[in-house]
Amino acid sequence: MATIIQSALSVLLMLAVAGGIRAEEREPERTDKLSDNVTRLIYAEGDEEWDIAGRGKVKFVPTPAQTREESQPRAVDTERGYITFSPAGRGGVLPEYRPADTELVDEVSLSASLGEFEPATFAIRPLVALGTVTFAVGDLRGPKGAIIPASSIDVYIVEPTVEQIGLTGNQVRWVAKWLRPGNAANTAVACNTQVYLDIHVPEDAKPGPYSGTVAIKPEKAKASSFTVRLKVLPLTLSRPMPWGFFRYDWHKPDERSEWLLWGLKEMRRAGMTQCLISPIHYQNRPGVSQDGTVDFSIYDHCIELYKQAGFEEPPIVAMEGLMYGLCAAMGKAEALKFKDYLEPGVKAEEVPAEVREFAGRVIRRIYDHALEAKWPPFYIYLADEPSLGSPAMEKAKFMYGLTRQVAPEMQTAGTVYTHEWWQPLENLLDLNICHYVHPCHSADGNRRWHQRANRQHTRLYGIDFIGPLDTYWEGQQITFTAEKGKLAGMMCWTQLVAQELDEPFNPYRFLANSWKGGPWCLRDQQGRVWRSLPWIGLREGIDDSRYLRTLRDLIADTRLAGRYAASKKARIRLQRILDEVPWVPGVRVSNSPWTAASADAARDELAGAALECQQSLGLRTAQGGKP
């Protein structure tokens, strides 16, 4: 993790230098002050750079010009003074987006299972001046008087922001990303205002069709309404594949408990079941004393918060700097040629016997302390990204090899990214978190990775850097491919889950970030939670995993109940759905056939097959009940 950050900072420095040299070669034709910290520089050639205080100049990439003409307003649109539409794929749209004729609707339909969140979206495009528009959401009314109250529906207005393109780089663009809590917006002619509705279906909701309206009330035009139709399925979903983050922001957990717990609960709300406890300010220099005792208080605090948040899978506890800490406590760090505080400069087999004996006692104390402090089952992460021939590999061989000897009960986790690099760590890892693109690249690659993991009785997780995602679909698209690759879980990189919005929202607020790893959520001065579109999309992707695993569980249930024909039919149907999901190269191409619509259709099929299995078992709902 630290290696990635250091490499990225070097790249950023080179980019900044290159940007400065290019900028000195020409003068802008005019300038425009966008905010206190951002100045727009427009050049004679027509391109532009933005000068950002504290960062320097970056290239602004304009939104591609639309070739589609404005849609012809319907009679109802002309009468009320605005078009209503629902963007395909439920993604965000910028104010200048021109909707397709097929998107011009006055209602949306969706389905959800018991206890599930499900988003819906629509937008208005003013034809005349409307002033301020409010959107009042009513109850959803269902069968036999059943109601999903308006209080179960979060209402947001999409707020565009301008941010860096990708994780690192020197280019920025506008994206429709942030969801502002509230139901009112100032509008302008031919500029879209997009509304997001996040519906939470109660766990005890009555299955069946529901409908309700959003009253659209312009200040200067005729009121109308937009209809939402929701089908509540008689399904209670299974847990998803283990999902979570490499979580770094654990600074001062005793002082920041409320804030950290809120961020963890946001992860749980998004469907995550696990995370890596990686207090990067401490894990690289853990407090090991000369007598071999270790200050575990930070980890105790973090694990207590982890349990309070309700995570269902074992935490992965990072102590990457433990080898340095114990060597420093012995006065041996210089003798073992440590570079900074991370990696030794000697081979694993060259570590002196007295260091090996001392290290064994320290490692055993981790497990003994975990029992005394009543930690839940956990994985220990002792070396970061070991590659063949690297100092990190020597540390990994020493630390994991010693762990197997002195604390064989303790489960180990690592990040080994190739088969070649895995070879020296044969049978030393209980969990390997590898780059998801490798076991999910092709059928042959998937087979080889699983053969390797199965031979060593190692769980195989995937990892990807999803912090820079901008769109709803980017958040959603990874999960089906990970399930196709039969990964046991996903543990992805992100820098920040949440930030405080301690001033009015500024669409340029993230431009100073030269490392784009988040955040996903904001909390404003009123305590309201702003969520991002990729955060909602990521939650939907995790829900895709829940639908898939629900069907798998029901296939097993039907087989155990002797419903062999129903079990076989559902199993074949599930395999066909997964066969249609592309491997990673097919997902990442610009013209991929795998789209948000594809994922939604796959989920609908999974739900349909699950309901057929329930019917074959004589169940009306997942909780039971005769038809």
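Tabulated data for the structure shown
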| quantity | calculated |
| --- | --- |
| Criterion (over 17 Å from residue 210 (Cα atoms) and of a type in the set (Lys, Arg)) met by exactly one of 98, 141 | 98 |
| Enumeration of residues in the stretch 498-529 that are in contact with an Asp or Glu (Cβ under 9 Å, 6 or more places away or on another chain) and either assigned by TED's automatic domain parsing to the domain that holds residue 154 or not in a loop (DSSP other than H, G, I, E, B) (or both) | 498, 500, 501, 521, 522, 523, 524, 529 |
| Members of the stretch 238-258 that are free of Cβ contacts under 8 Å to residues at least 60 places away in the same chain and in contact with a strand residue (DSSP E or B) (Cβ under 8 Å, 6 or more places away or on another chain) | 250 |
| Scope the stretch 447-481; condition touching a residue at least 60 places away in the same chain (Cβ under 8 Å) and either farther than 30 Å from residue 164 by Cβ or among the small types (Gly, Ala, Ser) (or both); matching residues | 467, 475 |
| Residue satisfying condition, being touching a strand residue (DSSP E or B) at 6+ places or on another chain (Cβ under 7 Å), surrounded by fewer than 18 Cβ atoms within 10 Å (Cβ to Cβ) and farther than 21 Å from residue 413 by Cα, within set 331, 271, 310, 287 | 287 |
| Search result, residues across the stretch 403-418 that are assigned to a helix (DSSP H, G or I) and under 18 Å from residue 457 (Cα atoms) | 403, 404, 405 |
| Scan of the stretch 308-333 for residues that are closer than 23 Å to residue 256 by Cβ, of a type outside the set (A, V, I, L, M), at pLDDT 95 or above and in contact with a Phe, Trp or Tyr (Cβ under 9 Å, 6 or more places away or on another chain), ordered by number | 315 |
| Whichever residue in the stretch 354-394 is among the hydroxyl-bearing types (Ser, Thr, Tyr) and under 19 Å from residue 306 (Cβ atoms) and, among such residues, is surrounded by the most Cβ atoms within 10 Å (Cβ to Cβ) | 381 |
| Set 452, 448: member being in contact with a Pro (Cβ under 9 Å, 6 or more places away or on another chain) and of a type in the set (Lys, Arg) | 448 |
| Any hit, the stretch 334-353, residues being crowded, with 18+ Cβ neighbours inside 10 Å, assigned to a helix (DSSP H, G or I) and at pLDDT 95 or above | yes |
| Residue in the stretch 255-278 that is more than 21 Å from residue 386 (Cβ to Cβ), touching a Lys or Arg at 6+ places or on another chain (Cβ under 9 Å), assigned to a helix (DSSP H, G or I) and among the acidic types (Asp, Glu) present | yes |
| Matching residues in the stretch 369-419 - criterion: being among the aromatic types (Phe, Trp, Tyr) and in contact with a Cys (Cβ under 9 Å, 6 or more places away or on another chain) | 417 |
| Residue in the stretch 343-350 that is under 30 Å from residue 445 (Cβ atoms) and touching a Lys or Arg at 6+ places or on another chain (Cβ under 9 Å) present | yes |
| Of residues in the stretch 122-169 being touching a Leu at 6+ places or on another chain (Cβ under 7 Å) and either hydroxyl-bearing (Ser, Thr, Tyr) or assigned by TED's automatic domain parsing to the domain that holds residue 37 (or both), the one surrounded by the most Cβ atoms within 10 Å (Cβ to Cβ) | 156 |
| Hits in the stretch 547-580 - residues which are within 30 Å of residue 177 (Cα to Cα) and buried (at least 22 other Cβ atoms within 10 Å of the Cβ) | 547, 548 |
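Yes or no, residue by residue, for (1) in a loop (DSSP other than H, G, I, E, B); (2) β-branched (Val, Ile, Thr); (3) closer than 25 Å to residue 479 by Cα; (4) in contact with an Asp or Glu (Cβ under 8 Å, 6 or more places away or on another chain):
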{"site": "380", "(1), (2), (3), (4)": "no, yes, no, no"}
{"site": "393", "(1), (2), (3), (4)": "no, no, no, no"}
{"site": "401", "(1), (2), (3), (4)": "no, no, no, no"}
{"site": "427", "(1), (2), (3), (4)": "yes, no, no, no"}
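The values are calculated or read from the model by the stated rules, or taken from the named source; none is laboratory data. All values reported here derive from a predicted model rather than from experimental measurement. In this analysis, Cβ positions are derived from the backbone assuming ideal geometry, glycine residues included, and neighbour counts consider all displayed protein chains.
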